[in-house]
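To start, the structure itself, in structure tokens.
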Amino acid sequence: LKIYKSDYHTVRPEQAHWSLILMLVLTQLSVGAFLAERLLELLVPGALTASIRPVHSASALVFGLLALGVSVLHLGRPRYAYRAVLGLRHSWLSREILAFGVFAALAVVYAAWSWAGSAGWLGRLADWGLAAGPGAAVEAGFGWWLGWGVALSGVVGVLCSVMVYDYTKRDFWNGPATAGRFFLTTAVLGLAAAWLPLLIVAAGSDATLAGAAVDRYGAILCRGLVVAMAAKLLFETALFRHLASRSTTSLKRTAWLMTGALSNVTMARFAAGLLGGLAMPGLLLLSRVPAPPGQGQDLVFVVLVGMLFVACLAGELCERYLFFAAVASPRMPGAL
């Protein structure tokens, strides 16, 4: 026999913590950007990749440091934030803090290493076996391992974030579903953010290099973003199947919230995702990627890339707002 509270069927949005929303989205963006940089180096090796790497690593680092700065605001007394790592043996939150601390430290070193390599300061390290030569300072030896160390430590951090919410035992925050949300956000925003260094490099290069950068990177980024965003939107849409359930489960109550009190946020989330993750990259692909700056279509290129990134980021912020606001809190007395 199940006994429900009298207001069990009444659903109200939970409080959304913007510091946590920003921290989660921006850390996943940063991790995704570093992963995208590593994968692009495998797919498009050579001098072109080396020219983009310093800007890519710096932009990814900025988002990561911004996320960590915002996360401190969530603490009641930020000056004691260091104490959070004392519970490593039993706390996923402590593990998350440590993982992202390692990620940030490695990211700073990697970004500095990338800029030093592009400036030719690492040529003398060839004799030490850390690089094959001035033009391969990051691709080989220490730089290669450092780049993957940044990316993989970020993945560990995202996994710890998943476990923090899985530990609460709320149905909407269960491990597989939260992992799907967080890692798909990592993929979507990492691919979207990869356009920013490409845009910067294209704007500061001659027409030939700019065209090569857009031609070789653009199609990969567009196709990857379309696949990642389509998967994420389909994943999120699957929640609404609970509306057809005859039982009033916690996931049905979440679906009620998303189609009722939070319907405006839900519509904004899907509209932004469709625009930034499907329409904009689809348009870039159909037009075979517009000419970059220096070839007469610089404004169109900047506007399209800007819309793509802003829409993807806005959509993921809305999704993470719903992640907190639409969760159905446990109700007492429960089952007998």
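Every number in this text was worked out from the coordinates using simple rules, so none of it is lab data. Just so we're clear, the structure is a prediction, and the values are computed from it rather than from any experiment. All Cβ positions, even for glycine, are placed from backbone atoms using ideal geometry, and neighbour counts span all protein chains on display.
Can you give me the C-alpha center-to-center distance between the range 213-227 and the range 175-190, rounded to a whole angstrom?
20
Show me, for the range 193-202, the HN-Hα J-couplings you get by feeding each phi into the Karplus relation (A = 6.51, B = -1.76, C = 1.60, θ = phi - 60°), rounded to Hz, glycine and proline as x.
Calculated HN-Hα couplings, in order: 5, 5, 6, 5, x, 4, 5, 5, 5, 5 Hz.
Using Cβ counts within 10 Å as a stand-in for footprinting exposure, how do 221, 35 rank, fewest first?
35, 221
Pop out the ³J(HN,Hα) list for the range 91-96 in order, Karplus 6.51 cos²θ - 1.76 cosθ + 1.60 with θ = phi - 60°, rounded to Hz; leave Gly and Pro as x.
Per-residue couplings from phi come out as 10, 5, 5, 5, 5, 4 Hz.
Non-local amide H neighbours of residue 14 (under 5 Å, H modeled in plane, Pro and chain starts lacking H): which ones?
Correct list: 326, 327.
Near residue 92, within a Cβ-to-Cβ distance under 15 Å, what is the net charge of the other residues, with Lys and Arg +1 and Asp and Glu -1?
My count for the surroundings of residue 92 gives +2.
Near residue 318, within a Cβ-to-Cβ distance under 15 Å, what is the net charge of the other residues, with Lys and Arg +1 and Asp and Glu -1?
Spelling it out: positives minus negatives among the neighbours equals +1.
Could you please report the charge total around residue 175, scoring K, R as +1 and D, E as -1 over all other residues with beta-carbon less than 14 angstrom from its beta-carbon?
Local net charge: +1.
Per residue of the range 97-114, what does 6.51 cos²θ - 1.76 cosθ + 1.60 with θ = phi - 60° give for ³J(HN,Hα)? Whole Hz please, x for Gly and Pro, Karplus curve as stated.
4, 5, 4, 6, x, 5, 4, 5, 5, 5, 5, 4, 5, 5, 5, 5, 4, 5
What order, most packed first, do the peptides 12-25, 271-284 have when packing is the mean number of other Cβ atoms within 10 Å of each residue?
Descending packing order for the listed peptides: 271-284, 12-25.
Using only alpha carbon positions, build the gyration tensor of the range 227-278, then give the equivalent ellipsoid semi-axes as the square roots of 5 times its eigenvalues, largest first, whole angstrom.
Equivalent-ellipsoid dimensions as semi-axes: 23, 13, 6 Å.
Over all directions, what mean area does the Cα convex hull of the range 163-277 project, stated in square nanometres?
Mean shadow area of the hull around the Cα atoms is 8.8 nm².
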